[in-house]
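J.: This is the structure I want to talk about, given as C-alpha cells.
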Amino acid sequence: MHVVIPYVVGALLFGLGVYGVLRRRNAILVLMAVELMLNAVNLIFVTADVSLRSALEGVVIEAWANPGAAAPGTGGVFTLFVIVLAAAEVGVGLAIVLQYYRMRNAVITDDVRLDAEEERIAG
Amino acid sequence: MTVSDVLLLALGALAVGSGTLVVTSKHLVRAGLYLVVSLGAIAGLYLVLGAELVAWVQVLVYVGAVVVLLLFAVMLTRAPIGPSADLDRPVFPAALIGGGVGLGLAGLFADAFHWVRYPEPEPGTAERVGEQIFGAWVLPFEVLSILLLSALVGAIVLSRPDIGARQAEPEPEPEPATEPETEDA
C-alpha cells in the first residue's frame, strides 16, 4: 500500500479544520471543526504506525529503552488516548457553550466579550 | 495500485469531501450529519490500515457519542432549521491560513514519503492493543481516567447554576435557583 495517501488525507483534513475554526462564527460549528483536526491527527498516528513499523524492522532496540514502547501498535494506543481526550473536550466545551447560551441567548463567538466584568449570571 | 490503495483513495476522498461540506454548509444540522460521514470514512481508513479496534472505537465514541452530543447542542441552542445567514466570517484570512496549513503539510508528507510501496500491515488485534496499553502505557491510561472524571465533574458544575464559584460571594439575598429550561449537557 502507498502510505502517502492517508498522510495527505490527514494533512488536508487538518487544513480543513483550521479553516473551519477560523471561518465559523457559531461556537458549535467551531467545535465540529476542532473534531476534524483531532481526527486528522489520529489518522496520521495510525498511518505512522504502519509506515514506521516496516521502517523499524530489524532495528535493535537499545537496552535502556522500554521494549514495549517501540512495539507495533503504539500509534493505535495513542489514537485511543486522543479519542478519549476529544470526548472529554467536547463534553466540557458543550457545557460552556450551553451555559453561555443560557446567559446571553447567543452562540456567536464574535460577541463574547472577554473584558466584561461583574456581570451576573442570568440563570 | 492494489485493492487497499483503491480503498484508501476512495475513503480519503469521501472523508475530505464531506469534511469540506462540514466547514462550508449553511445548515447547522447538515454540518453535523456530514461530520458523521467524514468520521465514518476515517473509521474505514483505520480498517484498511489494520487498526481494527481503533476503527470500532471511532464508530462507537465519535459517531455514536460525540456527534450525538453536538446535535443535542444544536437543538438546545434553538438553531434554525433552514440555512443560517450569519454563520461565517470573511473568507479570505481563513482560506489563506487553512489552505496554507493543509496544502503545506500535504506537500511535506508527499515529499517525505513519495510514492513508495509499504508492506501491507497485518490486521491488528485487540490483544495486541491491550498488551500495549496495560504494558507500556499504564500510567497515561490511569491519568486519562482521572482526566475523564474531572471533565465529568467540570461539565456538571458548569451546567448547574446553583453550585460553583458564584455562591462564594456575599449575596444580599440568595435567590432560589429557578431554571425554566431543562438542561442536558
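J.: Just need a number here: residues in the range A:5-23 that are more than 7 Å from chain B (Cβ to nearest Cβ) and touching a residue at least 24 places away in the same chain (Cβ under 8 Å).
T.: Of the residues in the range A:5-23, 1 are more than 7 Å from chain B (Cβ to nearest Cβ) and touching a residue at least 24 places away in the same chain (Cβ under 8 Å).
J.: Anything in the range B:29-53 that is under 16 Å from the mean Cα position of the chain (by Cα), touching a residue at least 12 places away in the same chain (Cβ under 8 Å) and within 10 Å of another protein chain (Cβ to nearest Cβ)? List them, or say none.
T.: B:Gly32, B:Tyr34, B:Leu35, B:Ser38, B:Leu39, B:Ala41, B:Ile42, B:Ala43, B:Leu45, B:Tyr46
J.: Only residues that are closer than 18 Å to B:Gly44 by Cβ and β-branched (Val, Ile, Thr): list them for the range A:5-46, please.
T.: Answer for the range A:5-46, where residues must be closer than 18 Å to B:Gly44 by Cβ and β-branched (Val, Ile, Thr): A:Ile5, A:Val8, A:Val9, A:Val41, A:Ile44, A:Val46.
J.: In addition: Report yes if B:Pro80 is at the interface with chain A (Cβ under 7 Å from one of its Cβ atoms) and surrounded by fewer than 23 Cβ atoms within 10 Å (Cβ to Cβ), otherwise no.
T.: No, not satisfied.
J.: I would also like to ask the following. Residues in the range B:51-67: is at least one outside any helix (DSSP H, G or I), modelled with pLDDT under 95, out of contact with any Lys or Arg (no Cβ under 7 Å at 6 or more places or on another chain) and in the same structural domain as B:Glu120 (by TED's automatic domain parsing)?
T.: Yes.
J.: Would you mind telling me which numbered condition in (1) more than 28 Å from A:Ala11 (Cα to Cα); (2) more than 8 Å from chain A (Cβ to nearest Cβ); (3) at pLDDT below 90 B:Asp86 fails?
T.: (2)
J.: Still on this structure, I have one more. Using the structure shown, decide if B:Val37 is assigned to a helix (DSSP H, G or I) and surrounded by fewer than 21 Cβ atoms within 10 Å (Cβ to Cβ).
T.: When the stated conditions are applied, B:Val37 passes them.
J.: Take the range B:113-130 and flag every residue that is surrounded by fewer than 15 Cβ atoms within 10 Å (Cβ to Cβ) and closer than 20 Å to A:Val82 by Cβ.
T.: B:Ala126, B:Gly130
J.: Residue pairs, Cβ under 6 Å, 6 or more apart or interchain, first in the range A:76-95 and within 7 Å of chain B (Cβ to nearest Cβ), second buried (at least 23 other Cβ atoms within 10 Å of the Cβ) and not in a helix (DSSP H, G or I). List them.
T.: Filtered contacts from the range A:76-95: A:Gly76/B:Ala51.
The values are calculated or read from the model by the stated rules, or taken from the named source; none is laboratory data. Bear in mind that the values here come from a model prediction, so they are computed numbers and not experimental data. Because the Cβ atoms are built from the backbone with ideal geometry, glycine has one as well, and the counts that use them run over all protein chains shown.
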